[in-house]
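Everything on this sheet refers to the single structure shown next.
What follows is calculated from the coordinates using simple rules that are stated; it is not laboratory data. The structure displayed is predicted, hence computed values, not measured ones. Ideal geometry is used to build each Cβ from the backbone, glycine not excepted, and the neighbour counts take in all protein chains shown.
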Amino acid sequence: MSLVFRNFPKYLGCRLKECKVMEFTKAILVTGGAGFIGNHVIRLFSKKYPNYLLVNADALTYAGNLENLQDVEHASNYVFERLDITDEKGVAEVFGKYEISDVIHLAAESHVDRSIENPLEFLKTNVLGTGILLNQAKKSWGNVNGHKFYHVSTDEVYGSLGSIGLFTEETSYDPRSPYSASKASSDHLVRAYFHTFKLPIVISNCSNNYGPYQFPEKLIPLVINNIIKKKALPVYGDGTNVRDWLWVEDHATAIDTIFHHGKLGETYNIGGENELQNIELVRILCKIVDEKLGRPKGSAEKTITFVTDRKGHDQRYAIDASKIIGELGWKPSTQPIDGMAKTVEWYLKNTPWLEHVTSGDYQKYYEQQYKQSAK
Ligand code: NAD
Ligand code: DAU
């Protein structure tokens, strides 16, 4: 049985000139849709599923930016609601207003360094906010079939690996930063709602994403931005920490696959099978940016600066993605060398976007975070 939403034009008002009755088979609440991964998920779903209504609910924190969705904002199956997921009443109103049938939950405080400075903000959004959404989904959906609450999580919940081994879905949780502890708590809550209340949930835990629209507090866009500006490139510790990099659009297709075909109550790991040491990655970026800017070979690399390590810095993350590949047929499409080149090109082409997001508060954040001198 498909769900039909006839009330929608009432809320869309006259933004849609034709004001025809739209029949949507799903009304999906995408939380955090104005963030880095969220905008790619909305873009993919909006184009691929014209019969789904996508309700982007985002508080527009420093990390959320509607400029990320300029090409989607006029789509007839997209609406934006400024909403803080810790606002219980606001969440209830949005569920009621759009008859929300499904949730793809991405909204979170997502930067590890900020969680070290301000852990409580992470508990509030990532744990309480997730709890409020779960509770509202439970109230709105009761025991009716056909709904789904998809919780987007991270590989950081599994802790830190040595030089060998991979995180599987069976790996015990061992979060080590306030960020990963808050995401682990939210994962546990989501599973608790499945076991206790039979809420139809699914969870994915993904490795490091990269690509267009990532806020330049994260390593890759920070390094690209600093090379453009001829600023020092801060590498934490000795640079040997390893991350498994995934092209962000591949994460969006994995979310699409799991949303439609994932088994309720299950967890799926998503990864790029692209492990790189931070220092290797930074050197690759230096080479690509220098080439694209026509600067002499080696000029960016000279500015690499080893700085004091992140507190509790996890050594290595690496994902075993065989479950999603074997059971659901998803696989990453983009090799890191191509992905890194596309990423650099995007940032070089979109300098106004970079300028906007790095003005104001970003400067204060940057000065505070990197006030330490080189090691
Ligand atoms: P992001 O920081 O770029 O975006 C987060 C979005 O959530 C922003 O638009 C922000 O405005 C919004 N938000 C924050 N607090 C909110 C609140 N209280 N109410 C409503 N909206 C709020 O993050 P991202 O990198 O896009 O990550 C999205 C999700 O994916 C997160 O849950 C993160 O844990 C998870 N994840 C990220 C990665 C990665 O590499 N970036 C990897 C695996 C999992
Ligand atoms: O693994 C998934 C996670 O990946 C997501 O859950 C997080 O939301 C996302 O932020 C990311 O976390 P990381 O801490 O791995 O990403 P970040 O880009 O902050 O750092 C990547 C690596 O680079 C990490 O080992 C720390 C290091 N680093 C980072 C910064 C910002 C530096 O050496 N210098 C820097 O200036």
Rough spin-label spacing in nm, given labels placed 7 Å along Cα→Cβ, for Ile279 and Glu117: 2.7 nm
Taking N as the number of residues in the chain, what is its alpha-carbon radius of gyration divided by 2.2 N^0.38 Å? 0.98
For the pair Leu264 and Glu23, how long in nm is the line joining their label points, each one 7 Å along Cα→Cβ? 2.5 nm
Label model pair Lys364, Leu44: point-to-point distance (7 angstrom along the Cα→beta-carbon line) in nm is 3.5 nm
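State which entries of Lys48/Lys263; Lys198/Lys323; Lys183/Lys302 exceed 27 angstrom in Cα-Cα distance in the structure shown.
Lys183/Lys302
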Only Lys, Arg (+1) and Asp, Glu (-1) charged, at Cβ; region 274-375 dipole about Cα centre in debye: 260 debye
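What FRET efficiency comes out for Trp346 versus Thr168 if R0 is 35 angstrom and r is the Cβ-Cβ distance? Round to the nearest 0.05. Don't skip to the end; give the middle numbers.
Details: r = 33 Å, r/R0 = 0.93.
So, using R0 = 35 Å, E works out to roughly 0.60.
Expressed in nm to one decimal, what extension gain is obtained for the pair Leu293 and Gln315 from 0.36 nm per residue of sequence separation less their Cα-Cα distance? Kindly include the intermediate steps, with their values, before the conclusion.
Numbers: separation 22, 0.36 × 22 = 7.92 nm, distance 3.24 nm.
In short, 4.7 nm is gained.
Counting only helical runs of four or more DSSP H residues, what would the 222 nm mean residue ellipticity of the chain come to if each run contributes -39,500 (n - 2.57) and the total is spread over all its residues? Mind showing how you got there, number by number?
Working: 13 runs with 142 residues, N = 375.
Value at 222 nm, helices only, nearest 500: -11500 deg cm²/dmol.
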By how many nm would the segment from Arg191 to Leu60 grow when fully extended, if each residue of separation counts as 0.36 nm and the alpha-carbon distance is taken off? 44.4 nm
Projected onto the charge dipole of the chain (+1 at Lys/Arg Cβ, -1 at Asp/Glu Cβ, origin at the Cα centre), which of Ser163, Asn56, Pro336 gives the Cα projection farthest towards the positive end? Asn56
Per principal axis, descending, Cα span of region 130-230 in whole Å: 57, 32, 22
Mind pulling up the Rg/Rh value for region 232-315? Radius of gyration and Kirkwood radius, both on Cα. 1.13
Over the Cα atoms, compute the radius of gyration (one decimal) and Dmax (the largest Cα-Cα distance, rounded to a whole number) for region 24-70, in Å. 10.4, 33
Region 47-124-region 314-375 distance, computed between alpha-carbon centres (Å): 20 Å
With Cα coordinates, the longest principal axis of the chain makes an angle with the long axis of helix 36-48, in degrees rounded to 10, of 50 degrees
Here the percent of antiparallel bridges among DSSP beta bridges lying wholly in region 222-375, to the nearest 5, is 45 percent
What's the extension gain from Asn51 to Glu73 if we count 0.36 nm per residue and subtract their Cα-Cα distance? 6.3 nm
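Report, in debye and to the nearest 20, how large the dipole of the chain comes out about its Cα centre when Lys and Arg carry +1 and Asp and Glu carry -1 on their Cβ. Please report the intermediate quantities before stating the final value.
Details: 43 positive and 45 negative charges, 125 e Å.
Rounded to the nearest 20 debye, it is 600 debye.
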